[in-house]
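What follows is a set of notes on a single structure, which appears directly below.
The values are calculated or read from the model by the stated rules, or taken from the named source; none is laboratory data. All values reported here derive from a predicted model rather than from experimental measurement. Cβ coordinates were reconstructed from backbone atoms using ideal geometry, including for glycine residues, and neighbour counts include every protein chain displayed. Accessible surface is based on the protein model in full, side chains and every heavy atom, while ligands, DNA and RNA are left aside. Shrake-Rupley method; radii C 1.70, N 1.55, O 1.52, S 1.80 Å.
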Amino acid sequence: MHKQNYQDILGQVQTPTRYAGNEINTVKKDWNHVDLTFALVFPDLYEIGTSHFGLQILYSILNKDPRIAAERFFAPAPDMEALMRQKNMPCLSMESRNPLDQFDIIGISLLYELNFTNILTLFSLSGIPFHAQERDTAFPLVIGGGPCAFNPEPLADFFDAFVIGDGEAAVLEIADTVIRFKHQGDGKKITLLKELSKISGVYVPRFFTVSYDENGCQTVSPVYEDYTRVKRAFLPELTTDNFPAAPIVPFGKPVHDRLRLEIARGCTRGCRFCQAGMIYRPVRERSLTDLVEITRASLAATGYSDISLLSLSTGDYSCLAALMTQLLAISRNQCNSISLPSIRAERLTPELMTLIKSVRKTGFTIAPEAGTQRLRDIINKNLTEESITDTVKNAFELGWKHIKLYFMMGLPFEETADIQGICDLSHHLAATYARGKRGINVSVTTFIPKPHTPFQRHPQLTLDGTKERLDFLKKQMTHPKTNLKWQDPRMSLVEGVFSRGDRRLSRLLTAAFENGCRLDGWNDYFDFDKWQAAFDRTGINPDFYTSRPRTPTEPLPWDHIDTGISRRFLETEWENAAHQATTPDCRDHDCTGCGVCDFRQIRPVLHTTRDTRSVCDTAPSGDTFLPDSAFARYRVQFSKLEDARFFGHLELASIVQRAVKRAGLTVKYSQGFNPSMRLAFDNALPVGMESEEEYFTIFLDRNLSPAAIQTALNQQLPAGLTVTNCHPAGKKQPDPPGTCVYQVQLPDGILEKNSVDGFLAQENFIVEDLTKKGRIRKTDLRQAVADITWLGSDILEIALQPFDGRHLRPTAVLKQCFGLSDPVIGRTRIKKLRQG
């Protein structure tokens, strides 16, 4: 199938898929002028993956290199997958629309075990053999990375290599090795894999064999004496060089539709259940100077209005108050909001509390994890009930309306009193502080022991045990201001199987995929019956990987992966948990001896306010808003053509607002706590309809010339949106549009000219519908249709005039007057030509 055929098929899909790949800040390169093509695959839906920070980092780093073309792929939804299979269409990249199997490297983000079946979906659609041993040629080279790669064994049969640790530290070295191999190598995959295995953090499964003892436990053995363990790749410090300052800005609304500002990586608190807190050590903070520079550059490049501080523990950032001061200063006259998802009570200084009061509030999460102090000490949460209570009190007083409490069931040494403690703590907080419109969401999930944590050998709670605890919570959680939510325990079971699984699970994953398992991380798509059938078919018992206790001497499938944390430290932490002994935060106390730091290249990177005084001294001052007299009202005419017709009205509004900000235009905002840009569109054009003449009104700096505004906006708007005119509007509101003229291009032979003539010959054509209030409304479509002109083969020009104060759409005429079905109307091209 030729590439043009793929484009024809995509033309049948009237969804954001049609214009994805043309988003703001995408990078498109000519494949004839690069040495390496790199597919960045996020095995989940576009709405989830497009704003993922790790994907943004790799996309930025790779595309900065002129030798490399990095392009994105996402998992299709089931309806899209069905269409692709029907049309025999492979997965195509967002940028160039080239098939996945044509890329040199396929790099797959491994963030969540319940995304694993989506990987096979992408392979299957692209005609890529599942197993690495079935892919004889050197390319495409399939590489995985992310937190799930810290136990790569369940996926080892499918991948050529994994990156363990920080991707920034390894990705360019991998790219250099592959480019060198393409130019000078012998073409054999084994040769390339040997070269890759020399890179720190790269694990090549082919170079390790597995065996199973009499108990069924997997042991991993190296093939080569000089390649026995894989040490995690470390990024010593976070700098502006590895930050994606111009991330891709989607046209639609992804889950995280904001600028994500990573202020630190790693955590020092030492929660014994937390894999991220172990595998991302040591803590590395970005300097305030860099963060201010990044924020200014990123806001200018994206036009975002929301900033989210990204870190495992945002409140622990050393210069948080100074950072908030700077971000608020940058936001003056821009009306940006700053998301501060959580902060501990002991970190709330008077200065920080004053700053937080001025921030637009989003969600606020507190994670007690356990219901009693005894169990919080066991898991080393280092969070007292007094601190939890003070944090909730302060959060409500600072303006948050809803607070989320996060707990786990099935933690080591858990007792019935600990589950009762979840109810007691939630009830106390709700009864004491959740007054008026305030509320507390209580979220509980099954604890899943993760590799490389002190609890990695602990059994996972069974389905029956989870159900028993959930039933208890449902009965006891009765306060009207609390809302109990929970994750499906069966999803946790599947996640737990793959979290601590071995290579035998490749058979299970393949069987689940063949049974139709897709998007298992979504409640709407997860089907445990299909997973149960896969367990039965392969003979794999999930209890072997989840609820079975593991002895201290049992080999673990991930023993050959070296995170830097010593085995002795993990064992000591388990012993401390058994004795309810806590381990202090090494940020504020002595080194705890985890083994990660060598204190030469790998060490904690913290910043003090003394390091940032010069930045704080330069903070701009002044009022938040310019006076009304500084602005004038402008009337802007624009066209919306080609693929831009698929923008919905809310998407269009967001696109224009961000274009205004990227253009650097000074715009007026409404007053109040939640100000918005003074921008108003005349009409909401239906999705799929083009227009040569649309309008919006906006308040901008009165010193700007209309020509300058038009030029500035056109430089920032995506293809298909073009400002065609701009002029001062004065104070008078524009008159409502009169007659609107549309060009309608119908599918071949769907409508006869005599049908049009017959309709025009009638004096009246009355139809009835129901209003929102349930009243019958009559509309004379013949009176609404000023004229219909037959322009040629299947092309009409329809002039519609207001009827009873309403503007009708040409689709109503096509459906009601000529009886065209919705599928036929969906294939009809409609363009508004002008309006009177």
(request) Mind listing whichever residues of the range 117-131 are touching a residue at least 60 places away in the same chain (Cβ under 8 Å) and open to solvent by 10 Å² or more (accessible area, probe 1.4 Å)? (result) S124, F130, H131
(request) Please enumerate the residues belonging to the range 65-101 that are in a helix (DSSP H, G or I) and within 19 Å of L55 (Cβ to Cβ). (result) L100
(request) Name the residue, out of V202, V230, that is of a type in the set (V, I, T) and touching a residue at least 60 places away in the same chain (Cβ under 8 Å). (result) V230
(request) Residue by residue through the range 318-344, note down the ones that are under 23 Å from the mean Cα position of the chain (by Cα) and either farther than 15 Å from R360 by Cβ or basic (K, R) (or both). (result) S342, I343
(message) Suppose we keep only residues that are small (G, A, S) and within 29 Å of the chain's Cα centre (by Cα) within the range 514-563. Which one would you say is nearest to G465 (Cα to Cα)?
(response) G521
(message) Just the residues that are under 33 Å from the mean Cα position of the chain (by Cα) and surrounded by fewer than 16 Cβ atoms within 10 Å (Cβ to Cβ), please, taken from the range 465-483.
(response) K467, D471, K474, P480
(message) For I540, only one of the following conditions fails: (1) of a type in the set (A, V, I, L, M); (2) under 21 Å from C217 (Cα atoms); (3) surrounded by fewer than 17 Cβ atoms within 10 Å (Cβ to Cβ). What is its number?
(response) (3)
(message) Just to verify a result, which residue in the range 743-754, among those that are modelled with pLDDT under 95 and open to solvent by less than 50 Å² (accessible area, probe 1.4 Å), is nearest to D628 (Cα to Cα)?
(response) L746
(request) May I ask you to verify whether D44 is surrounded by fewer than 18 Cβ atoms within 10 Å (Cβ to Cβ) and farther than 25 Å from A719 by Cα? (result) no
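This table checks each residue for (1) touching a Gly at 6+ places or on another chain (Cβ under 8 Å); (2) open to solvent by less than 30 Å² (accessible area, probe 1.4 Å); (3) touching a residue at least 40 places away in the same chain (Cβ under 8 Å).
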| residue | (1), (2), (3) |
| --- | --- |
| F207 | no, yes, no |
| G216 | no, yes, yes |
| L238 | no, yes, yes |
| P250 | no, yes, yes |
| C274 | no, no, yes |
| L288 | no, yes, yes |
(message) Between a residue in the range 22-39 that is over 20 Å from R180 (Cβ atoms) and any residue that is in a strand (DSSP E or B) and of a type in the set (V, I, T), which pairs come within a Cβ distance under 7 Å, given they are 6 or more apart or on different chains?
(response) E23/V249; I24/V249; N25/V249
(message) Which pairs turn up if I take residues in the range 635-660 that are more than 13 Å from Y695 (Cα to Cα) and look for partners that are of a type outside the set (A, V, I, L, M, F, W, C) and part of a helix (DSSP H, G or I) with beta carbon separation below 6 Å, at least 6 apart in sequence or on another chain?
(response) D643/R18; F646/R18
(request) From the list A77, A82, A39, pick out the single residue that is modelled with pLDDT of 95 or more, of a type outside the set (D, E), open to solvent by 50 Å² or more (accessible area, probe 1.4 Å) and closer than 22 Å to S126 by Cα. (result) A82
(message) Between C726, C740, which is touching a His at 6+ places or on another chain (Cβ under 9 Å), crowded, with 17+ Cβ neighbours inside 10 Å, closer than 30 Å to A707 by Cα and touching a residue at least 60 places away in the same chain (Cβ under 8 Å)?
(response) C740
(request) Working only within the range 47-71, note down all residues that are open to solvent by less than 30 Å² (accessible area, probe 1.4 Å) and in contact with a Pro (Cβ under 6 Å, 6 or more places away or on another chain). (result) T50, S51, Q56, I57, S60
(message) For the structure I just gave you, tell me whether P154 is surrounded by 17 or more Cβ atoms within 10 Å (Cβ to Cβ) and not basic (K, R).
(response) yes
(message) Tally up the residues in the range 407-441 that are open to solvent by 70 Å² or more (accessible area, probe 1.4 Å) and either modelled with pLDDT under 95 or not in a loop (DSSP other than H, G, I, E, B) (or both), please.
(response) 6
(request) State whether one or more residues within the range 377-392 are farther than 21 Å from R347 by Cβ and open to solvent by less than 60 Å² (accessible area, probe 1.4 Å). (result) yes
(message) Just checking: which of the helices (runs of 4 or more DSSP H) contained wholly in the range 271-343 hold 1 or more residues that are charged (D, E, K, R)?
(response) 288-302
(request) For Y669, indicate whether it is surrounded by 14 or more Cβ atoms within 10 Å (Cβ to Cβ) and farther than 21 Å from D257 by Cα. (result) no
(message) Need pairs with beta-carbon distance below 8 Å; first residue polar (S, T, N, Q) and within the range 148-173, second modelled with pLDDT of 95 or more and assigned to a strand (DSSP E or B); sequence gap 6+ or separate chains.
(response) N151/I561
(request) Could you tell me which residue of the range 132-151 is least open to solvent (accessible area, probe 1.4 Å), considering only residues that are closer than 23 Å to P99 by Cα and part of a helix (DSSP H, G or I)? (result) A132
(request) Could you tell me whether the range 233-243 includes any residue that is under 22 Å from the mean Cα position of the chain (by Cα), in a strand (DSSP E or B) and farther than 23 Å from R504 by Cα? (result) no
(message) Going through T121, T137, T177 one at a time, which residue ends up being out of contact with any Phe, Trp or Tyr (no Cβ under 6 Å at 6 or more places or on another chain), at pLDDT below 95 and not hydrophobic (A, V, I, L, M, F, W, C)?
(response) T137
(request) Could you check A395 against (1) under 22 Å from C319 (Cα atoms); (2) open to solvent by 10 Å² or more (accessible area, probe 1.4 Å); (3) more than 25 Å from the chain's Cα centre (by Cα) and say which number it fails? (result) (2)
(request) Could you please tell me which pairs satisfy a Cβ distance under 6 Å, a separation of 6+ or placement on different chains, a first residue in the range 336-356 that is more than 13 Å from L398 (Cα to Cα) and at pLDDT 80 or above, and a second residue that is part of a strand (DSSP E or B) and open to solvent by less than 30 Å² (accessible area, probe 1.4 Å)? (result) I338/I307; S339/S308
(message) Give me the helices (runs of 4 or more DSSP H) completely within the range 747-836, filtered to those with at least 3 residues that are over 40 Å from the mean Cα position of the chain (by Cα), touching a residue at least 40 places away in the same chain (Cβ under 8 Å) and more than 22 Å from E694 (Cβ to Cβ), ordered by residue number.
(response) 753-760
(request) Scan the range 363-376 and give yes if some residue there is in contact with a Phe, Trp or Tyr (Cβ under 9 Å, 6 or more places away or on another chain) and farther than 26 Å from Q580 by Cα, otherwise no. (result) yes
(message) Looking at the range 442-464 only, could you name the residues that are surrounded by fewer than 17 Cβ atoms within 10 Å (Cβ to Cβ) and among the charged types (D, E, K, R)?
(response) D464
(request) Exactly one condition in (1) open to solvent by less than 30 Å² (accessible area, probe 1.4 Å); (2) touching a Cys at 6+ places or on another chain (Cβ under 7 Å) is not met by L685; state its number. (result) (2)
